[in-house]
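Asks: Have a look at this one before I ask anything.
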Amino acid sequence: MISKSLKLLKVLVLLLMVSPIYAQQGGMWIPSLLKGMNETEMKSLGMKMSVSDIYDVNSSSLKDAVPHFNGGCTSEVISPQGLLLTNHHCGYGQIQSHSSVENDYLADGFWAKSLSEELPNNNLVVTFIVKIEDVTAQVLQGVLDSDTEAAKQVKIQKNIATTTQTFPKELWEENKIKSFYEGNQYILFVTETFKDVRLVGAPPSSIGKFGSDTDNWVWPRHTGDFSLFRIYADKNNRPASYAADNVPYKPKHYLPISLDGIQEDDFTMVFGYPGSTQEYLPSFAIEQILKELNPAKIGIRDAALKVTNEFMRNDAAIKIQYASKYAGIANYWKKWIGESQGLEKSNAVAVKKTFEEDFKQRVAKNKQQAAYGQLLPDFEKLYREIAPYSLSRDYFMEVVLRNTELLTAGFKLYQLEQAYLQKGAQSFNDRRSAFIAAQEDFYKNFNKDVDQKVFEAVVALYSQKAPAAYLPKELQKIDVQKTSQSIYAHSKLSSYDGLKELLKGDAKEVFKRLNKDQGYIFTKALAANYFEHIAPKYDALNLEIAALQRNYMKAQLELYPDARIFPDANSTLRVTYGKVNGYAPKDAIYYDAVTYLDGIMEKYIPNDYEFDVPQKLVDLYHAKDYGPYAENGKLPVNFIGTNHTTGGNSGSPAIDAHGNLIGLNFDRVWEGTMSDIYYDPAICRNIMVDVRYILFVIDKYAGAKHLIDEMTLVHPKKK
Ligand code: ARG
Ligand code: ASP
């Protein structure tokens with residue numbers, strides 16, 4: 001008891017040390033720069049390792065076990081033979097690509113019984129970080145305050161190119177430079193990318209995607225969101241393209257797995273590649289997201305999803321065609337709704353405004369009026385100016401590029417036509433066959449009736465709700481039904497054969513024919529309007545805003561030297577830490593931090609497409625056959641913590657105080673999805689699969705004990 005309150009006291013003191021007005025909590029930190037404030041904070045939360053166990057250039061460390069998974073997710077090595085763990089939703093595309101009606105690995109799961117059964121994947125890579133180096137001085141060399149923004153960017157790009165080329169690395173490695181703190185810091189990463197990554201195992205979707213869209217972004221959760229891969233290397237343990245005689249990669253480090261489980265208040269650390277956040281926006285920007293941009297995007301997706309859902313529920317073939325697209329569109333639709341609610345509930349705009357008042361005072365007190373005094377008024381003016389362009393842009397992007405497939409296809413042809421007009425017929429001829437081949441999959445999953453109804457719903461919204469002054473004239477007095485009936489009856493874009501027919505003959509003929517196609521004419525009008533009347537102004541204003549944001553960041557770093565200011569996520573390796581912790585989302589409601597298999601049985605709806613449970617799991621539940629993976633007779637499934645994560649952190653390892661794997665990150669709680677813009681420690685939680693559930697599924701459900709035997713299982717609490 002005493003030690004616990006002492007710990008709490010230490011945390012409190014730490015939090016008080018930071019400037020109280022600086023409300024920012026959470027944080028995604030650069031692994032090579034944890035010494036000092038982070039290390040102290042992590043230790044006060046219970047961490048027993050030192051920060052050199054997390055990142056070290058000279059000897060192996062945790063970072064050597066955590067590669068970026070295909071650029072979008074995170075993964076971790078969990079055996080000396082390159083066995084790799086990530087989410088089911090991260091490996092979804094690969095699992096799907098090996099599936100057929102006879103061998104439906106999405107529905108039934110897949111388990112390779114030996115190395116020879118592991119399945120190679122085209123275009124799947126994992127990238128390790130070898131070294132992290134601050135190169136700010138090199139990148140900003142010769143850049144003058146007096147330069148125009150455009151001139152600065154030219155110099156910076158040139159310096160980046162030279163530094164990337166000259167920084168020492170091994171032949172098979174790569175150098176990449178990324179901007180941090182909105183361009184106030186530049187960091188170089190030496191990386192190593194493996195290209196032969198094979199599928200080893202996946203549970204059925206009724207485990208890996210249990211709860212599907214209904215449970216997505218929601219706590220309490222019960223999803224076994226994991227899949228297993230293996231990294232293969234050449235005989236020298238170096239990256240190589242797929243070859244039958246490649247061998248399992250021998251990692252510099254792999255994560256031991258703790259069988260001791262977690263308890264409320266335990267230290268946790270999540271190590272991975274968060275994609276992007278916007279934690280330092282001024283209040284004006286958040287107001288715009290809340291009042292205009294999110295409602296517009298949510299409205300469009302709402303309409304599109306309703307139409308698609310109706311078709312999917314009534315037609316099994318359409319359900320398969322649209323399952324993955326629907327999940328993708330629903331994922332951010334649901335996230336934005338949660339984000340807006342969270343921003344409201346946590347009074348994010350008011351909190352920012354209070355901070356902005358304090359900022360003004362600090363600027364004055366420090367006599368920095370000349371450098372920073374105009375920042376907030378300039379932001380306000382620019383955000384007011386950009387508002388109609390941002391909104392018009394979102395309507396265009398969501399309607400044309402994201403939700404109406406015929407228009408998306410039309411837009412790709414528009415880009416081909418632009419290339420043809422600028423670079424000539426050769427450029428078109430070079431791209432034609434690859435383009436046609438690439439469209440085959442698109443049309444395999446395309447249903448004209450679904451798309452026509454989506455068109456009607458979202459084009460109507462576009463014409464009624466987007467800023468009138470920037471609407472293409474084709475949308476100004478449109479009869480949406482008549483237009484859609486005519487387009488979908490006549491346009492050749494609505495079938496693969498039609499597309500191939502459109503693209504026959506020489507370039508001149510092709511584009512002449514295209515420009516008579518109603519679907520193409522309509523898309524082109526919308527695209528041309530966007531590129532003429534919206535994009536140029538949007539891009540110019542956005543460049544000015546980016547420059548302001550860089551200066552605003554610089555000002556905050558200078559004026560709040562003790563604040564915990566972390567760089568926004570940018571798909572680079574970060575450490576975030578916290579503890580296992582429940583939360584109170586609403587008055588009188590408190591959510592515990594851990595869910596159990598019992599909860600799966602509570603949600604079980606036989607044969608439901610979201611909440612069905614495989615019979616074998618039901619049987620194991622009734623027999624209480626949990627092996628060594630249970631705790632007091634109950635099998636833990638998911639848990640939550642105060643780690644600050646975002647998209648890209650999926651598949652990230654949750655690590656205990658000693659550096660052992662305890663869970664697999666895959667989502668956040670509904671009330672906390674605004675953490676990309678405003679992190680509120682009271683309601684922001686990340687969701688992880690308990691590693692014991694993963695082991696249980698591999699061992700007891702799938703009978704793949706040979707995989708467990710590769711791993712190192714430990715008991716850190718029972719030492
Ligand atoms: N919300 C999680 C993330 O943003 C999981 C998404 C995958 N699951 C789904 N039902 N779409 O990626
Ligand atoms: N589900 C997300 C991902 O795929 C993680 C998150 O947004 O919390 O990366």
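The values are calculated or read from the model by the stated rules, or taken from the named source; none is laboratory data. For clarity, every value in this text was computed on a predicted model and none was experimentally measured. Neighbour counts are summed over all protein chains in view; Cβ atoms, including those assigned to glycine, are modelled from backbone coordinates with ideal geometry. What goes into the accessible areas is simple: the full protein's heavy atoms, side chains included, and nothing from ligands, DNA or RNA. Shrake-Rupley method; radii C 1.70, N 1.55, O 1.52, S 1.80 Å.
Asks: I'm trying to understand the selection: among the residues of segment 71-81, which are away from ligand 1 (no atom under 14 Å from the Cβ) and either more than 27 Å from ALA569 (Cβ to Cβ) or open to solvent by 20 Å² or more (accessible area, probe 1.4 Å) (or both)? Break it down stepwise before answering.
Replies: Here is the first cut: in segment 71-81, the residues away from ligand 1 (no atom under 14 Å from the Cβ) are 71, 75-81.
Hits for segment 71-81 are GLY71, SER79, PRO80, GLN81.
Asks: Considering only residues of segment 83-114 that are within 22 Å of LYS616 (Cα to Cα) and exposed (fewer than 13 other Cβ atoms within 10 Å of the Cβ), which is nearest to ligand 1 (Cβ to nearest atom)?
Replies: Out of the qualifying residues, it is ALA107.
Asks: Which numbered condition in (1) within 24 Å of GLN341 (Cβ to Cβ); (2) more than 16 Å from ligand 2 (Cβ to nearest atom) is the only one that GLU264 fails?
Replies: (1)
Asks: I need the full set of residues from segment 308-325 which are buried (at least 20 other Cβ atoms within 10 Å of the Cβ) and either among the β-branched types (Val, Ile, Thr) or within 16 Å of ligand 2 (Cβ to nearest atom) (or both), in order please.
Replies: THR308 - this is the single residue of segment 308-325 that is buried (at least 20 other Cβ atoms within 10 Å of the Cβ) and either among the β-branched types (Val, Ile, Thr) or within 16 Å of ligand 2 (Cβ to nearest atom) (or both).
Table: residues versus (1) within 16 Å of ligand 2 (Cβ to nearest atom); (2) at pLDDT 95 or above; (3) in contact with a Leu (Cβ under 6 Å, 6 or more places away or on another chain).
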{"site": "LYS634", "(1), (2), (3)": "no, yes, no"}
{"site": "ILE640", "(1), (2), (3)": "yes, yes, no"}
{"site": "ASN643", "(1), (2), (3)": "yes, yes, no"}
{"site": "LEU664", "(1), (2), (3)": "yes, yes, no"}
{"site": "ARG685", "(1), (2), (3)": "yes, yes, no"}
{"site": "ARG692", "(1), (2), (3)": "no, yes, no"}
{"site": "ILE698", "(1), (2), (3)": "no, yes, yes"}
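Asks: Moving to a separate point now. Give LYS353, LYS367 a once-over and let me know the one that is out of contact with any Lys or Arg (no Cβ under 6 Å at 6 or more places or on another chain), modelled with pLDDT of 95 or more and part of a loop (DSSP other than H, G, I, E, B).
Replies: The match here is LYS367.
Asks: What residue, of ASP147, ASP134, is out of contact with any Lys or Arg (no Cβ under 9 Å at 6 or more places or on another chain), more than 16 Å from ligand 1 (Cβ to nearest atom) and open to solvent by 10 Å² or more (accessible area, probe 1.4 Å)? Show your work before the answer.
Replies: Values: ASP147 fails: out of contact with any Lys or Arg (no Cβ under 9 Å at 6 or more places or on another chain).
Unique residue meeting the criteria: ASP134.
Asks: Within segment 408-504, considering only helices (runs of 4 or more DSSP H) that don't extend past its boundaries, which have at least 3 residues that are touching a Lys or Arg at 6+ places or on another chain (Cβ under 8 Å)?
Replies: 425-444, 496-502
Asks: If you check ASN87, ASN103, ASN159, which single one turns out to be under 30 Å from ILE320 (Cα atoms) and touching a residue at least 12 places away in the same chain (Cβ under 8 Å)? Before the answer, list the steps.
Replies: Values: ASN103 fails: touching a residue at least 12 places away in the same chain (Cβ under 8 Å); ASN159 fails: under 30 Å from ILE320 (Cα atoms).
None of the other options fit; the residue is ASN87.
Asks: While we're here: Just to confirm my filter: which strands (runs of 3 or more DSSP E) fall fully inside segment 552-624 and include at least 2 residues that are touching a Ser or Thr at 6+ places or on another chain (Cβ under 8 Å)?
Replies: Answer list for segment 552-624: 574-579.
Asks: Right, here's the next one. Going residue by residue through segment 585-594, is there one that turns out to be of a type in the set (Val, Ile, Thr), in contact (Cβ under 8 Å) with a residue 40 or more places away in the chain and either under 23 Å from ALA387 (Cα atoms) or in contact with a Cys (Cβ under 9 Å, 6 or more places away or on another chain) (or both)?
Replies: no
Asks: Continuing with the same structure: Among the candidates GLU192, GLU170, single out the residue that is at pLDDT 95 or above, acidic (Asp, Glu) and either open to solvent by 70 Å² or more (accessible area, probe 1.4 Å) or farther than 20 Å from VAL57 by Cα (or both).
Replies: Sole residue among the options that is at pLDDT 95 or above, acidic (Asp, Glu) and either open to solvent by 70 Å² or more (accessible area, probe 1.4 Å) or farther than 20 Å from VAL57 by Cα (or both): GLU170.
Asks: Can you tell me which of SER650, SER675 is more than 8 Å from ligand 2 (Cβ to nearest atom), of a type in the set (S, T, N, Q) and touching a strand residue (DSSP E or B) at 6+ places or on another chain (Cβ under 7 Å)?
Replies: The match here is SER675.
Asks: Considering only segment 265-294, state which residues are open to solvent by less than 10 Å² (accessible area, probe 1.4 Å) and among the hydrophobic types (A, V, I, L, M, F, W, C).
Replies: Listed by number, the residues that qualify are MET269, VAL270, PHE271, ALA285, ILE286.
Asks: Let me ask something else about it. So if I check each of PHE639, PHE611, which one is crowded, with 20+ Cβ neighbours inside 10 Å and among the aromatic types (Phe, Trp, Tyr)? Spell out the reasoning first.
Replies: On the way: PHE611 fails: crowded, with 20+ Cβ neighbours inside 10 Å.
Exactly one of PHE639, PHE611 is crowded, with 20+ Cβ neighbours inside 10 Å and among the aromatic types (Phe, Trp, Tyr), namely PHE639.
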